[in-house]
1. Restricting attention to the stretch B:149-160, and to residues there that are open to solvent by 10 Å² or more (accessible area, probe 1.4 Å) and touching a helix residue (DSSP H, G or I) at 6+ places or on another chain (Cβ under 8 Å), which single residue is nearest to the other protein chains (Cβ to nearest Cβ)?
2. Scan the stretch A:41-69 for residues that are away from chain B (no Cβ under 12 Å) and acidic (D, E) and report the count.
3. Only residues that are over 14 Å from the mean Cα position of the chain (by Cα) and within 21 Å of B:E182 (Cβ to Cβ): list them for the stretch B:50-63, please.
4. Cβ contacts < 7 Å: first residue more than 8 Å from every other protein chain (Cβ to nearest Cβ) and free of Cβ contacts under 8 Å to residues at least 12 places away in the same chain, restricted to the stretch A:29-40; second residue surrounded by 24 or more Cβ atoms within 10 Å (Cβ to Cβ) and in a helix (DSSP H, G or I), any location; separation 6+ or different chain. Result?
5. Any residue in the stretch B:236-254 that is more than 14 Å from chain A (Cβ to nearest Cβ), outside any strand (DSSP E or B), farther than 30 Å from B:C358 by Cα and of a type in the set (D, E, K, R)?
6. Being surrounded by fewer than 23 Cβ atoms within 10 Å (Cβ to Cβ), within 14 Å of chain A (Cβ to nearest Cβ) and touching a helix residue (DSSP H, G or I) at 6+ places or on another chain (Cβ under 8 Å) is true for just one of B:G329, B:G317, B:G272. Which residue is that?
7. Just wondering, is there one or more residues in the stretch B:178-199 that are touching a Phe, Trp or Tyr at 6+ places or on another chain (Cβ under 7 Å), in a loop (DSSP other than H, G, I, E, B), open to solvent by less than 10 Å² (accessible area, probe 1.4 Å) and at the interface with another protein chain (Cβ under 7 Å from one of its Cβ atoms)?
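The values are calculated or read from the model by the stated rules, or taken from the named source; none is laboratory data. For clarity, every value in this text was computed on a predicted model and none was experimentally measured. Quick reminder, even Gly has a Cβ in these numbers, built from the backbone with ideal geometry, and neighbours come from all protein chains shown. These accessible areas exclude ligands, DNA and RNA; they are computed on the full protein's heavy atoms, side chains included. Shrake-Rupley method; radii C 1.70, N 1.55, O 1.52, S 1.80 Å.
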Amino acid sequence: MSEKTILKFSDETAAIATKIVARYPEGRHKSALIPLLHLAQAEFDGWLSVPAMDCVAEFLSIQPIEAYEVASFYSMFNLKPVGKCTLEVCRTSSCWLSGAEDIVRHLEKKLGIKEGQTTADGMFTLKTVECLGSCGTAPMLQCGGDYYENLTLEKTDKLVDSLRAEGKARVYTNDNPVNID
Amino acid sequence: MGKKILLANDHIEGIRFLDTYRKHGGYASLEKALKSMTPEQIVEEVKTSGLRGRGGAGFPTGMKWSFLAKPEGVPRYVVCNADESEPGTFKDRYLMERIPHLLIEGMILSSYALGAKTSYIYIRGEYFYVARILEQAIDEAYAAGLLGKNILNSGFDLDLYVQIGAGAYICGEETALLESLEGKRGNPRIKPPFPAIAGLYGCPTVVNNVETIAAVVPIVNEGGAAYAAIGVGNSKGTKLISASGHINKPGVYEIELGVPVEEFIYSDEYCGGIRNGKKLKAVVAGGSSVPILPTELILNTAAGEPRLMSYESLGDGGFATGTMLGSGGFIVMDEDTSIVKNLYTFARFYHHESCGQCSPCREGTGWMEKILHKILHGHGTLADVDLLWDIQSKIEGKTICPLGEAAAWPVAAAIRHFRKEFEDFIRNGEHVNDVKHYYRLNNLTALIN
C-alpha cells in the first residue's frame, strides 16, 4: 500500500493564507476557500491534486469534499497537471471576429499539440477560454497573471520564444509585477 | 465633446496613485459626505440622480438601496460586483486599472450611506493583476486614514477587501456572487429573499456594479440633480461603453446617454467608423446576451427615428425590432461577418458557463451549441433553424437566474433578423457572403458561357 501524500503550505504561503482568513467575520472562514485554492495551485505546480486540495481543506478546517466541489466548479482551477506556461487564448465573439482562431491554429502548429494538450517537454499547455474582458484589444491570450493583447502571429511567435527561453513557470502569484502604463 | 465625469482624468499620468488622485480632486466627496451629510441624505441624492445599475439590468440604484433591511444588531454589507464577464464588456477593468481610487472612494461612500462596516470587491479571477492594483490602492487608502477606524475623524469605520474569483461567468449574477464569496460553487439562489433582506452570510446586502459605485462619487460631489441633468429621458448621466469588433478605434468610451448610435459608430470621437472601409452589418449593443440588430435597425428605430445610446431608445420596439443597453458591451460586425459563426461562439460560451442547476439551461445551452456546431460543419438541415427557435423559447423564463434568458435571446435575435443567412449557410454548407456569392455566381456564368 502506498503512503498517502500529504502536502503543506510553506510558512510564507501559510502566513498569506492566515491574513486572508482574517478578512471575514468569525465563523465565516470558508469564504477564504477560493483565494486559498489559488495559493495552493500556485505553490503546488500549477494544478490542484487531491493532496493539494486536502491541504487547503485542512488549513480551513472544512471537509475535503467542500474543497473538491468548489475546485471542480471554477475554470481557473486545473484538476490535471499542466505545463509550466499555460497559454489561454480567448475564443469568444470579439476575439473570434479579430482572428483568435488563427492564433490558436498557429500555436497548435508551432507547439505541435492540439488545444487542451501539453507539450512533451512540459513547457506549454494550450487552452482556449471564454471572454477575458479584453475585447477592445483582441485577439489576446493570458499566461499566468499577464494579458498579452492585440496579438498578431509574429507577436505570438515572439512571446512563445521568449517564454521558452525564460523557461520559468508562470502562475498567478502575488510576486507578479504590476506593469501597466 | 461629451461630458466626462468618471473618466475625466483617466489619462493623467500617475492617477492610479493616491497623491495624484487627490491632487485632482480625489476623495473630496468623503470630506463632504462624512462631515456634512447623513447616510439618508446620500441615499436621497442617489435617488434624485436617477442612476441605474450599470452592470446590465439597469435597475434604479437609489431604489435598490432603499430596499435594504436594517434590523438592529445585524451587520450589513456592500459588495461590489467586479466580476465583469459579459462578452464584449471590459469597461470595469479599464476603470479599475486606471483609476482604482475612484472605485474605492465610491465604496466608502456607499458603505457609509448603507451602514456597512465591512465591504468586499468581488473581482473575476482572470483580472488577477487588476486585483493587485486595487489592493495596492487600498493599502494607500488605509495608510492615509481613508479606510480603517474613524475615517477622517468622522467616527465611521470601514474595512474594505478584494475577493478574487476563479473563472465563472455565472458569478456576475448577484446571488451566485454571494455564494462564491461564501466559499461555495457559484449556483444562483432562488429569490426571494433578495440580497437586500438576506444576502452575504444571510445579512442584508447591496450588490452593485463597479461603474455604478464609481458614479456615486460625482453624485455626492455635484449633487443628484446635477447628475440627472445629464442624459435623456430616464437614462440619466453617463455610461461607459466598451466598443469592440470591426471598428477603427476599439476601446472604452464614456458617453452622455442619448448620443445617436450612428454618431457613436462613425464619429472620430468614438469608434471612428468600420475597419478597412467596410460596411456595417450588425451590432450587439449591450453585451453578448442582448439581441443583435442589423444595420437598419441599430441606426434607426422601426419607426424611422434615429436610434440613441439610451435605455429607452435601444429598447424601442421591444425585442421584435429593438435591443437593450445592457452592460454597454458594443460589438460591431462588418459586412463579411458570419452571423451563424458568431452565434456559435455565443452558444458555446453559454453552454460552458451554465452552472448546471436548472435543466432547461443546462440541457438547452448544450443542445443549441451542438446544433450550431452541426450547421457550421455543413451537416445542418433547414429544420434545425426551427429547432433552435423552439429550444431557446423553452429556456427563457424557466430558470432560477437570468443566464437562461442571456443564452436564449442571442439565438432568438439572430434567427429573427438573419434567418435567410442561416438557411443559405445550411444549403451551401458554408458562410455565404452576399457580395462574394454574387461574384462567384458571375464567374460561374462566365465559365458556362
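1. Top of the filtered list is B:D157.
2. Qualifying residue count for the region: 4.
3. none
4. The qualifying pairs do not exist here.
5. no
6. One residue alone meets the criteria, B:G272.
7. Yes, the conditions are met somewhere in the stretch B:178-199.
Yes/no matrix, rows are residues, columns are (1) open to solvent by 20 Å² or more (accessible area, probe 1.4 Å); (2) among the aliphatic types (A, V, I, L, M):
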| residue | (1), (2) |
| --- | --- |
| B:I230 | no, yes |
| B:S235 | no, no |
| B:I241 | no, yes |
| B:G245 | no, no |
| B:N248 | yes, no |
| B:L257 | no, yes |
| B:V261 | no, yes |
